[in-house]
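Before anything else, here's the structure in question.
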Amino acid sequence: MRRPPRIHGHRAAAALALACALTAATQQGAQADPRTLTEVQNKLESLYHQAEVATDKYNAADGKVTAQKKRVASLNSQIRTTEAKLTRLNSLAGATARAQYRGGGIPAELQFALASDPGRALDNAGLALQAQQNTQNLLTDLKTTKSALRTRTDEAAAELRRLRASRRAMATQRRTIEQHIAEAKTLESSLAAKERARLADLEKRESHQAQAKWESTGILKKVGTDATAAGRKAIAYATRQLGKPYVWGAEGPDSFDCSGLTSQAWLAAGVTIPRTSEMQWAQLKHVPVEEMRPGDLIIYFSDASHVAIYVGGGNIISAPRPGRYVYESPAASMQILGVVRPDA
């Protein structure tokens, strides 16, 4: 098992001290300051949000690595094919040179002038001219093949460098994710059981308040209630994943992160969409929130770092964060950035 990274920095120490003070107050029988509990909640949300941002970047780099590996393999295959062709052309060129040497390399015009039989001389001249043309074609093909080989070799080397850079980016994002998650878990574990329960109640209360405010605008009377055939398949897939754990970078079948769930749900419906929430927001068709329908994806936060599938009735199914499970929750429990439609 990989040992979690050590936590460094003044912010981590300050947050941990905050949690310890909160726990100490509870153990002494005093009522903890609600503002202190809110600060702990905000810190946890910030840490998990940063982990999710890093996860999105990790997933993007992972997708790039997969594409680059395929590209390198394709280029290497092309290089092998071109090398085989070059070997064959070199062999043909050598045979041609040896034949010309044995024939003395006499030009066709001179062969005609020296010949005693003009008819045969014309035939020989024609054959000689054809041989010269074939030789010229062979040399041209040889030159083109050598150039192609250099190009493919250079392309493969450049793609390999990009692949290595993408892998380094993945390693960096992995460290960032693990650091934020470890810091959050340390902060949570420092809370007493009573404070953890109060924190969960606070989150639930704020979620319901945000949902009630959203619904008070009459939004649910405007949004669509009928999913397309593909949308129903995507929702059915997401529903079957309820209760499975969140694992960053995962896209099933046993665990998911947020965009892993939505991308696989729509893949099950026969629609391929981008892997990350950021790319889903950037590449899929945007629809106004009041025009969304079940099956659409709701993108959250200003940096498009979270995504969920809208299942109707004001609810979503999502893979929330480390330590949680795929679950159904109110659509407005987080800051909505916008809505995208995979089957536009």
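The values are calculated or read from the model by the stated rules, or taken from the named source; none is laboratory data. Note that this is a predicted model, so its numbers are computed, not measured. Cβ sites come from the backbone with ideal geometry, for glycine too, and all protein chains shown count toward neighbours.
Can you find a residue in the stretch 172-185 that is among the hydroxyl-bearing types (Ser, Thr, Tyr) and out of contact with any strand residue (DSSP E or B) (no Cβ under 8 Å at 6 or more places or on another chain)?
yes
Same structure, new question: What is the residue count in the stretch 255-270 for residues that are in a loop (DSSP other than H, G, I, E, B) and under 21 Å from TYR48 (Cα atoms)?
2
Can I ask one more? So for the stretch 63-73 (the condition being within 29 Å of LYS146 (Cβ to Cβ), at pLDDT 80 or above, buried (at least 16 other Cβ atoms within 10 Å of the Cβ) and not charged (D, E, K, R)), does at least one residue qualify?
Yes, because at least one residue in the stretch 63-73 is within 29 Å of LYS146 (Cβ to Cβ), at pLDDT 80 or above, buried (at least 16 other Cβ atoms within 10 Å of the Cβ) and not charged (D, E, K, R).
Would you point out which residue out of ALA184, ALA210, ALA193 is among the aliphatic types (A, V, I, L, M) and within 19 Å of ALA331 (Cα to Cα)?
ALA210
Can you pull out the strands (runs of 3 or more DSSP E) entirely within the stretch 281-329 that have at least 2 residues that are of a type outside the set (A, V, I, L, M) and over 19 Å from GLN211 (Cα atoms)?
Where strands (runs of 3 or more DSSP E) fall fully within the stretch 281-329 and carry at least 2 residues being of a type outside the set (A, V, I, L, M) and over 19 Å from GLN211 (Cα atoms), they are 285-287.
Same structure again: Return the residue satisfying two criteria in turn: it lies in the stretch 275-294 and is over 17 Å from ILE219 (Cα atoms) and in contact (Cβ under 8 Å) with a residue 60 or more places away in the chain, and of such residues it is farthest from the chain's Cα centre (by Cα).
LEU284
Could you say whether any residue in the stretch 315-328 is surrounded by 22 or more Cβ atoms within 10 Å (Cβ to Cβ), without any contact (Cβ under 8 Å) to a residue 40 or more places away in the chain and in contact with a Phe, Trp or Tyr (Cβ under 7 Å, 6 or more places away or on another chain)?
yes
Determine which single condition THR153 fails, assuming it passes every other condition in (1) surrounded by 12 or more Cβ atoms within 10 Å (Cβ to Cβ); (2) out of contact with any Ser or Thr (no Cβ under 6 Å at 6 or more places or on another chain); (3) of a type in the set (S, T, N, Q); (4) at pLDDT below 85.
With respect to (1) surrounded by 12 or more Cβ atoms within 10 Å (Cβ to Cβ); (2) out of contact with any Ser or Thr (no Cβ under 6 Å at 6 or more places or on another chain); (3) of a type in the set (S, T, N, Q); (4) at pLDDT below 85, THR153 is out only on (4).
List the residue pairs whose Cβ atoms are under 6 Å apart, where the first residue sits in the stretch 74-90 and is free of Cβ contacts under 8 Å to residues at least 60 places away in the same chain and assigned by TED's automatic domain parsing to the domain that holds LEU142, the second is among the aliphatic types (A, V, I, L, M) and surrounded by 12 or more Cβ atoms within 10 Å (Cβ to Cβ), and the two are 6 or more positions apart or on different chains.
Matching pairs, first to second residue: LEU89/LEU142.
Quick check, is ILE298 of a type outside the set (Gly, Ala, Ser), free of Cβ contacts under 8 Å to residues at least 24 places away in the same chain, within 14 Å of LEU337 (Cβ to Cβ) and touching a Phe, Trp or Tyr at 6+ places or on another chain (Cβ under 6 Å)?
No, not satisfied.
Filter the stretch 191-240 down to residues that are surrounded by 15 or more Cβ atoms within 10 Å (Cβ to Cβ) and assigned to a loop (DSSP other than H, G, I, E, B), then give me how many there are.
The number of residues fulfilling the criteria is 6.
Continuing with the same structure: Counting only residues that are of a type outside the set (D, E, K, R) and over 25 Å from the mean Cα position of the chain (by Cα), how many does the stretch 213-266 have?
Of the residues in that region, 12 qualify.
Out of curiosity, is THR176 assigned by TED's automatic domain parsing to the domain that holds GLY63 and under 30 Å from SER91 (Cβ atoms)?
Criteria not met by THR176.
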